[in-house]
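Chemist: Okay, here's the structure, questions in a sec.
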Amino acid sequence: MNDMRLIERAVDMDDIKISARDVQVYYGDNHAIKDVNVDIQDKTVTAFIGPSGCGKSTFLRCLNRMNDTIDICRVEGDIHLDGEDINDKRVDPVQLRAKVGMVFQKPNPFPKSIYDNAAYGPKIHGMAKNKAELDEIVERALRRGAIWDEVKDRLDAPGTGLSGGQQQRLCIARAVATEPEVLLMDEPCSALDPIATAQVEELIDELRQNYSVVIVTHSMQQAARVSQKTAFFHLGNLVEYDETGKIFTNPEDERTESYITGRIG
Amino acid sequence: MTDATAHTTPEPGSKSSILTVDPHTAKRHAAEGRFKIYGIIAICIGLFFLAALLIAIVSNGTRAFTQTRVVLEIPLVAAEIEAAEAYIVKTSKYNDLVGEALTGAMSDAGIETEMEPKELLMMLSGSAGANFRNFVLENPDAVGGSHQFEFLASSRVDGYLKGRVTREALVDDKNLDAAHLDLVDQMREAGLVERSFNWDFIFGADASESRPEAAGIGVSMLGSFFMMLVVLAFALPIGIAASIYLEEFAPQNRFTDLIEVNIANLAAVPSIVFGILGLAVFIQVMHLPQSAPLVGGLTLTLMTLPTIVISTRASLKSVPPSIRDAALGVGASKMQAVFHHVLPLAMPGILTGTIIGLAQALGETAPLLLIGMVGFIASNPPDGLASGFLDPNSAMPAQIYEWAKRADPAYYERAWGGIIILLLFLMTMNIIAILLRRKFERRW
């Protein structure tokens, strides 16, 4: 298993999707992210781990400019998506977010029908010319979200009426419906029970076929289970970024070792 | 180890049984009990005043909804009508005809009196002759036959039958005396006098000070209605647009903080201040017509705006930020996130706030004092939209105020009746607000 992953990684190595250089984030006077350099590969699951408040979610939100919505937040440094600067003046964050989808910590389906949840993104981006095409997109998204079989008979039911795990998979389906290239997941399983977590993790592994997935998680086991590469954040610094196997078995930095063995964090 | 010893050897006296209540706990229970009693007393006082208010309103006001009428069959003789029309003060001749008919009807019913027709007419409303003439002018074909009229009884007669006017009270009255009341008793037995529901009070116009029996609240109700249209047309879009901008788009800085504080303060500004502002801006500067519902509505808009802005912002704030994140996360623009997701969820709160603001505006009197919507006798219902907005009119609360300060106690009764109608409107609006809130909240 591990060997197979190594082979995959070798293939992926030259295919860098997002590259971040010298990224700094300030909340008012608070320097939240310091000098982060990271290359995120295509068709790979990258996990961000670290203690609470270490800035991993903040950094994740830089990748699709969700931090723009926070007034006091200021981002410096270069983040390139396929070689293009996402903080360029010409970049419309709305377009960027269609390419870099996001799934949030708490399942947050719109209080609308399941169908409307999945159809909303494609609708506003004008991806479907007619109802039949939209139906097709919705079905494909829900299938990719691994929730189609459970909801296909009740697409008109409200998305908020689903269970927590189903809601989160619906949110993933909603995010993939716009055909993003990167999927950002901010602790997608923290509000879910172990069974739902397993379903979502399985789904993340499948999504790797088509997308570059970046997942923030508090659970080191989860990072070890789903990711190929892991980045460890501590106090706003990116301490170590390497293959998941290496981080968890033979970390270079002392702080990483302390964290994964439970001495800090 | 030290813990264990501490548990095994408790100090004497510290050991307690849960079967007995220690003094400290008993004290706390007593305090709780006292607090509950205070609360119940407070609620009882509140309920007592509410009950007193309702009893006062109902007992004083319901009488305004019935009206005594005198039923008279009057022959429409062409020669008499022509003679009356030839006279300069036409209604006086018609009054004489009514008086003769009344005398005739009374003697037919076997009621004996030595009073002149002129004196008998005192028992009818001053408008009887005019009503008669209006009927003749509207139905010229009826002349030659006869028609059964239901003339309004005078407010004294009406009040006597409602128990408001007594024989003792009439000693100093120059209109009626006790002998009239004896006649009224007999007339009632003979079926000449009847009491029926007073539709004219609800739909009619105000009347002059001497004819309280003819006064109605209908025209000022229309005035209130047109004002509410103006308030709705201005306050709702301006208020919602302002709050969406402030809540969702405006940058957080000193300037927006200042605006926020000012809006909160405006909501607490006495309404008479808005009245004088309306007078200065809409009438003295913009030269809009005085006493017009348009001006009243604009003034009330100024007063209602802060309420609407505050409640709209509160309901926008209560929409969880995760919904905004979700919409932005799939690439919605800020405006799409607000209009597709946030606004629909905030709608019940916005509607409730708006309706409560409207209800507040509907019951407001003070600003109307200053723009001349009080003291005006709203005698003609507006014909059409333009005259509804621009012709002088009154409003329900202003009309009630006007009636309450008139001398005749019959008007006092009307004022209470007007309050019942006003409260019915306010209750209806609040119920609509509650229903809307329920209806929309189920979807969420």
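The values are calculated or read from the model by the stated rules, or taken from the named source; none is laboratory data. Just so we're clear, the structure is a prediction, and the values are computed from it rather than from any experiment. Quick reminder, even Gly has a Cβ in these numbers, built from the backbone with ideal geometry, and neighbours come from all protein chains shown.
Chemist: Return the residues of region B:391-412 that are assigned to a helix (DSSP H, G or I) and over 21 Å from B:PRO367 (Cα atoms); say none if nothing qualifies.
Modeler: If the condition is that a residue be assigned to a helix (DSSP H, G or I) and over 21 Å from B:PRO367 (Cα atoms), then B:PRO409, B:ALA410, B:TYR411, B:TYR412 are the ones that fit.
Chemist: Those residues that are in a helix (DSSP H, G or I) and without any contact (Cβ under 8 Å) to a residue 12 or more places away in the chain, I need them from region B:234-264; list them, please. Give the steps one after another, and end with the answer.
Modeler: At the first step, the residues of region B:234-264 found to be in a helix (DSSP H, G or I) are B:234-249, B:254-264.
Result: B:PRO237, B:ALA241, B:TYR245, B:ARG254, B:PHE255, B:THR256, B:ASP257, B:LEU258, B:VAL261, B:ASN262.
Chemist: Are any of the residues in region B:311-328 buried (at least 19 other Cβ atoms within 10 Å of the Cβ), in contact with a Lys or Arg (Cβ under 7 Å, 6 or more places away or on another chain) and either of a type in the set (Lys, Arg) or under 30 Å from A:LEU60 (Cβ atoms) (or both)?
Modeler: Yes, region B:311-328 contains at least one residue that is buried (at least 19 other Cβ atoms within 10 Å of the Cβ), in contact with a Lys or Arg (Cβ under 7 Å, 6 or more places away or on another chain) and either of a type in the set (Lys, Arg) or under 30 Å from A:LEU60 (Cβ atoms) (or both).
Chemist: Here's another thing I want to ask about it. Looking only at region B:290-301, decide whether some residue is within 14 Å of another protein chain (Cβ to nearest Cβ) and in contact (Cβ under 8 Å) with a residue 24 or more places away in the chain.
Modeler: no
Chemist: If you don't mind, there's one more thing I want to ask. Can you spot a residue in region B:205-218 that is part of a helix (DSSP H, G or I) and of a type in the set (Val, Ile, Thr)?
Modeler: No, the conditions are met nowhere in region B:205-218.
Chemist: Does region A:241-250 include one or more residues that are touching a residue at least 12 places away in the same chain (Cβ under 8 Å) and either part of a loop (DSSP other than H, G, I, E, B) or under 21 Å from B:SER322 (Cβ atoms) (or both)?
Modeler: Within region A:241-250, not a single residue is touching a residue at least 12 places away in the same chain (Cβ under 8 Å) and either part of a loop (DSSP other than H, G, I, E, B) or under 21 Å from B:SER322 (Cβ atoms) (or both).
Chemist: Could you say whether any residue in region A:29-40 is within 14 Å of chain B (Cβ to nearest Cβ), free of Cβ contacts under 8 Å to residues at least 40 places away in the same chain, over 29 Å from A:ALA191 (Cα atoms) and over 14 Å from the mean Cα position of the chain (by Cα)?
Modeler: No, region A:29-40 has no match at all.
Chemist: Another one. Mind checking which residues of region A:45-89 are within 12 Å of another protein chain (Cβ to nearest Cβ) and without any contact (Cβ under 8 Å) to a residue 24 or more places away in the chain?
Modeler: The answer is A:THR69, A:ASP71.
Chemist: A further question on this structure: So in region B:167-185, with the set limited to residues that are part of a helix (DSSP H, G or I) and out of contact with any helix residue (DSSP H, G or I) (no Cβ under 8 Å at 6 or more places or on another chain), which one is nearest to B:TYR411 (Cα to Cα)? Steps first, answer last, please.
Modeler: Taking region B:167-185 as the starting set, the residues that turn out to be part of a helix (DSSP H, G or I) are B:168-170, B:178-185.
Filter once more, so that each one left must be out of contact with any helix residue (DSSP H, G or I) (no Cβ under 8 Å at 6 or more places or on another chain): B:168-169, B:179, B:182, B:185.
Details: B:GLU168: 20, B:ALA169: 17, B:ALA179: 24, B:ASP182: 24, B:ASP185: 23 Å.
Within region B:167-185, the match that is nearest to B:TYR411 (Cα to Cα) is B:ALA169.
Chemist: Pairs under 8 Å by beta carbon, first residue within 11 Å of chain B (Cβ to nearest Cβ) and touching a residue at least 40 places away in the same chain (Cβ under 8 Å) in region A:153-179, partner of a type in the set (Phe, Trp, Tyr) and surrounded by fewer than 18 Cβ atoms within 10 Å (Cβ to Cβ), six or more apart or different chains?
Modeler: A:THR160/B:TRP444
Chemist: Out of region A:119-137, which residues are of a type outside the set (D, E, K, R) and away from chain B (no Cβ under 13 Å)?
Modeler: A:ALA128, A:ASN130, A:ALA132, A:LEU134
Chemist: Now a separate question. Being surrounded by fewer than 22 Cβ atoms within 10 Å (Cβ to Cβ) and under 22 Å from the mean Cα position of the chain (by Cα) is the filter here, so list the residues in region A:124-138 that pass it.
Modeler: Of everything in region A:124-138, those that are surrounded by fewer than 22 Cβ atoms within 10 Å (Cβ to Cβ) and under 22 Å from the mean Cα position of the chain (by Cα) turn out to be A:ILE124, A:HIS125, A:ILE137.
Every residue, every condition in (1) at pLDDT 90 or above; (2) closer than 23 Å to A:GLU257 by Cα, yes or no:
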position: A:VAL36; (1), (2): yes, yes
position: A:GLY55; (1), (2): no, yes
position: A:CYS62; (1), (2): yes, no
position: A:ASN67; (1), (2): no, no
position: A:ILE70; (1), (2): no, no
position: A:ASP78; (1), (2): yes, no
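Chemist: Inspect all residues belonging to region B:413-420 and state whether any of them is assigned to a loop (DSSP other than H, G, I, E, B), more than 14 Å from chain A (Cβ to nearest Cβ), closer than 30 Å to B:LEU152 by Cβ and within 19 Å of the chain's Cα centre (by Cα). Steps first, answer last, please.
Modeler: Within region B:413-420, the first condition is being assigned to a loop (DSSP other than H, G, I, E, B), and the residues that meet it are none.
Among the residues of region B:413-420, not one is assigned to a loop (DSSP other than H, G, I, E, B), more than 14 Å from chain A (Cβ to nearest Cβ), closer than 30 Å to B:LEU152 by Cβ and within 19 Å of the chain's Cα centre (by Cα), which makes the answer no.
Chemist: Something else about it: Determine which member of the set B:VAL309, B:VAL319 is β-branched (Val, Ile, Thr), modelled with pLDDT of 90 or more and not in a helix (DSSP H, G or I). Break it down into steps so the answer makes sense when it comes.
Modeler: Working: B:VAL309 fails: not in a helix (DSSP H, G or I).
Being β-branched (Val, Ile, Thr), modelled with pLDDT of 90 or more and not in a helix (DSSP H, G or I) holds for just one of B:VAL309, B:VAL319, which is B:VAL319.
Chemist: What residue, of B:GLY223, B:GLY239, is buried (at least 16 other Cβ atoms within 10 Å of the Cβ) and farther than 30 Å from B:SER155 by Cα?
Modeler: The unique qualifying residue is B:GLY239.
Chemist: Got a number for residues in region B:134-166 being aliphatic (A, V, I, L, M) and either assigned to a loop (DSSP other than H, G, I, E, B) or without any contact (Cβ under 8 Å) to a residue 60 or more places away in the chain (or both)?
Modeler: Summing the residues that are aliphatic (A, V, I, L, M) and either assigned to a loop (DSSP other than H, G, I, E, B) or without any contact (Cβ under 8 Å) to a residue 60 or more places away in the chain (or both) in region B:134-166 gives 3.
Chemist: Further question on the same structure: With the requirement that a residue be at the interface with chain A (Cβ under 10 Å from one of its Cβ atoms) and in contact (Cβ under 8 Å) with a residue 40 or more places away in the chain, what does region B:338-352 give you?
Modeler: Hit for region B:338-352 is B:LEU345, nothing else.
Chemist: Now a separate question. Need a quick list: helices (runs of 4 or more DSSP H) entirely within region B:70-133 having at least 1 residues that are β-branched (Val, Ile, Thr).
Modeler: Hits in region B:70-133: B:78-86, B:90-108.
Chemist: Please find, among B:ALA326, B:ALA361, the residue that is over 27 Å from B:ILE400 (Cβ atoms), at pLDDT 90 or above and either in a helix (DSSP H, G or I) or in the same structural domain as B:GLU247 (by TED's automatic domain parsing) (or both).
Modeler: From the options B:ALA326, B:ALA361, the qualifying one is B:ALA326.
Chemist: Go through region B:214-271 and report how many residues are more than 14 Å from chain A (Cβ to nearest Cβ) and either within 30 Å of B:GLY372 (Cβ to Cβ) or β-branched (Val, Ile, Thr) (or both).
Modeler: Step one: of region B:214-271, the residues more than 14 Å from chain A (Cβ to nearest Cβ) are B:214-245, B:258-271.
Add one more test, that the residue is either within 30 Å of B:GLY372 (Cβ to Cβ) or β-branched (Val, Ile, Thr) (or both), and what stays is B:214-240, B:242, B:244, B:259, B:261-263, B:265-271.
Number satisfying all stated conditions: 40.
Chemist: Check A:ASP92, A:ASP116, A:ASP149, A:ASP193 and return the single one that is surrounded by fewer than 22 Cβ atoms within 10 Å (Cβ to Cβ), at negative phi and at the interface with chain B (Cβ under 9 Å from one of its Cβ atoms).
Modeler: Being surrounded by fewer than 22 Cβ atoms within 10 Å (Cβ to Cβ), at negative phi and at the interface with chain B (Cβ under 9 Å from one of its Cβ atoms) holds for just one of A:ASP92, A:ASP116, A:ASP149, A:ASP193, which is A:ASP92.
Chemist: Still on this structure, I have one more. What are the residues in region B:211-235 that are closer than 15 Å to B:ALA386 by Cβ and among the β-branched types (Val, Ile, Thr), if any?
Modeler: Answer for region B:211-235, where residues must be closer than 15 Å to B:ALA386 by Cβ and among the β-branched types (Val, Ile, Thr): just B:VAL230.
Chemist: With the requirement that a residue be buried (at least 16 other Cβ atoms within 10 Å of the Cβ) and in contact with a helix residue (DSSP H, G or I) (Cβ under 8 Å, 6 or more places away or on another chain), what does region B:66-89 give you?
Modeler: Matches in region B:66-89: B:GLN67, B:THR68, B:VAL70, B:LEU72, B:ILE74, B:LEU76, B:GLU80, B:ILE81, B:ALA84.
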